[in-house]
Amino acid sequence: MTPSVSYHCPCLSTGPVPPPPNTPSSSYCFHPLHELFFCEECDAVRCNRCVSVEVSGYYCPNCLFEVPSASVRAEKNRCARNCFMCPNCRNTLSVVPSDPPDADDGRSLVANLSTVGEPPFFLYCSFCRWDSAEVDITFEKPTGLAAQLQKFEDSAPDSLEFERLKEHFEPFLRASASSASLSGYPHAAHSHPPVSPIKAAASSALARDIPGVAKYTPAPRGRRDKGARDDISEYRSRVEVGGTKDGANVDFMRRLEEVSQVAALGQRWANSWTTTLRSSELKPLRVPLRSKKTKRCPACRHILIKPEQKAQSVRFKIKLVAANYMPALTVAFPPSPDPIRQRGAGTKQAPVEDTSGAGGLHAGGTFPFHLALTNPLYDPIHVRLAVQRQVPPPSSSSAPAGSPEKARRPPFAVSLPQSAFPVAAFAEAWEYEDDEDMFGGDDDEFGGRGRERGATGGKGKAVGVLERRANVTVVGGEVVVGRDAKGLVKFNMLVSYTYRSDDQLVEDDVRATPSRKEKVPEMKTFTFYTVVDLGTIIPRSRAD
């Protein structure tokens, strides 16, 4: 399994510290970097689970026609133009007239196809050669096919039954909605989501005192609900449910000769109402509409993602993704030693043991790994890494050796650089004057010297800063796996980075004194958690 790094979103956590990586809830708290957003107002990470989603527009993916929101429900979330899908292969169908008269020359036949418009017209698939005439669906005009096909869908028994259900319950739903908006009980405010300002203004206008009209006083909840239930008349369906259709399907399955005669589950689920087991009875489908969505921060309601309104455009007006604010981390194992080079160095030399981790994390071994940090900001940053220590329960000190509290501790130890290290600012490739600026930078950007390659102590070759190039810094870490270890090498890592804020004061501010204008830019620090997954431990029984 390839090592990976995921980022923590605190929306599901009860505190600022994420859960341990070995718990089942940990997988729901961490996400890849490209799936996260960043709110500048809250200075916090957001994910798709916690953001508020709003639909900014609807469009057809086939003709790219922008559909007004008012007509989406009336058209049942389908394109109202001549956009249809083949029920067999999901290819776009084209409108063709009836068979044109025979011609001696093939070129004249192609020319007549665009001029001859003899009804009836039908839908044709150029991929699987399916046409709507097989299911007795033809059209008298080549335009407005969606309205003509809508008549077939509206005449279906299921569609008529649903419309009758709506008419039966609509008075009750309207009365319930009006009573809930006018009632002053606290449960009504907590049980319903927040309404829009327009609906709130309308509700307050309806609740005003009108001269000559008695004020509405809602009855107690239990009595009102009981009376409302008594007012609903018994519903009777148009068609009695029977086993005629099921019996026909059983007979069809008994006489089945080929599997292709049965419609697949995906084909049957794509239909709006009626579903059939026979592939020969599948009908053309109107193309479903797509939507462009706006995402907001759940705390401050600021917009994080806002696409352009045009359906042809794939750009965004606002796009606050976390990859533009947080350093990207990638983890990998160093390449294993080449056995061919070892063999050429001499026959008396002992083979070097493979401790790179690329061949697997064997129990009882020590394996180095590399962490590459990429700075997306236009300012240099100072990064500090720390492994989150799992705090044992309070009863673990007095628990015996074989207790579950003792077993919760990870069977491995991770070493990371203890001191902070700089990462150069982001710049385009052509902005570097020479190779020295691109592959090596000044270490005194924050007022001090960084450590040289291979850093501290006896682990200078494994733990520390290994490489600097452009806005990427590679640091080395080390993991020591226990002799009886099993499971995953997975640990939470705290990342803190500091950068200079270049926010300047407004020049025309009369309250700004010279001392304030010459203020040194402040240093800002941002902290977030990540989870590093290095892979699965190979037990000693398998390793040997």
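Criterion first (over 25 Å from Ala264 (Cβ atoms), surrounded by 13 or more Cβ atoms within 10 Å (Cβ to Cβ) and modelled with pLDDT of 70 or more) does Val96 satisfy it? It is true that Val96 is over 25 Å from Ala264 (Cβ atoms), surrounded by 13 or more Cβ atoms within 10 Å (Cβ to Cβ) and modelled with pLDDT of 70 or more.
Criterion applied to Gly243, Gly222, Gly227 was being farther than 30 Å from Phe172 by Cα, at pLDDT below 75 and open to solvent by less than 70 Å² (accessible area, probe 1.4 Å), and the one residue passing it is Gly243.
Within region 29-52, can one find any residue that is under 30 Å from Leu93 (Cα atoms) and in a strand (DSSP E or B)? Within region 29-52 (the criterion being under 30 Å from Leu93 (Cα atoms) and in a strand (DSSP E or B)), the answer is no, since none of the residues qualifies. Would you pick out the residues in region 64-91 that are surrounded by 16 or more Cβ atoms within 10 Å (Cβ to Cβ) and either among the aromatic types (Phe, Trp, Tyr) or outside any loop (DSSP other than H, G, I, E, B) (or both)? Hits for region 64-91 are Val67, Arg78, Phe84, Met85. If you go through region 301-326 and keep only what is in contact (Cβ under 8 Å) with a residue 60 or more places away in the chain and small (Gly, Ala, Ser), you end up with Ala311, Ala322, Ala323.
Among the residues of region 4-25, those identified as touching a residue at least 12 places away in the same chain (Cβ under 8 Å) and farther than 23 Å from Val321 by Cβ are Val17, Pro20, Pro21, Asn22, Ser25. Note on region 125-147: among residues that are part of a helix (DSSP H, G or I) and under 19 Å from Glu281 (Cβ atoms), the one that is most open to solvent (accessible area, probe 1.4 Å) is Glu134.
For first residues located in region 41-54 and over 12 Å from His8 (Cα atoms) and open to solvent by less than 20 Å² (accessible area, probe 1.4 Å), partners that are aromatic (Phe, Trp, Tyr) and not in a loop (DSSP other than H, G, I, E, B) and lie 6+ apart or on another chain with Cβ distances below 8 Å form the pairs Val51/Phe37. Within the set Glu161, Glu170, the sole residue that is modelled with pLDDT under 85 and within 19 Å of Thr276 (Cβ to Cβ) turns out to be Glu161. Given the condition open to solvent by 50 Å² or more (accessible area, probe 1.4 Å), at pLDDT 75 or above and more than 30 Å from Met493 (Cβ to Cβ), answer yes or no: does some residue in region 325-338 qualify? Looking for residues that are open to solvent by 50 Å² or more (accessible area, probe 1.4 Å), at pLDDT 75 or above and more than 30 Å from Met493 (Cβ to Cβ), one finds none in region 325-338, hence no.
The values are calculated or read from the model by the stated rules, or taken from the named source; none is laboratory data. All values derive from a computational prediction rather than experimental measurement. Positions of Cβ are generated from backbone atoms using ideal geometry, with glycine treated the same way; all protein chains shown enter the neighbour counts. What goes into the accessible areas is simple: the full protein's heavy atoms, side chains included, and nothing from ligands, DNA or RNA. Shrake-Rupley method; radii C 1.70, N 1.55, O 1.52, S 1.80 Å.
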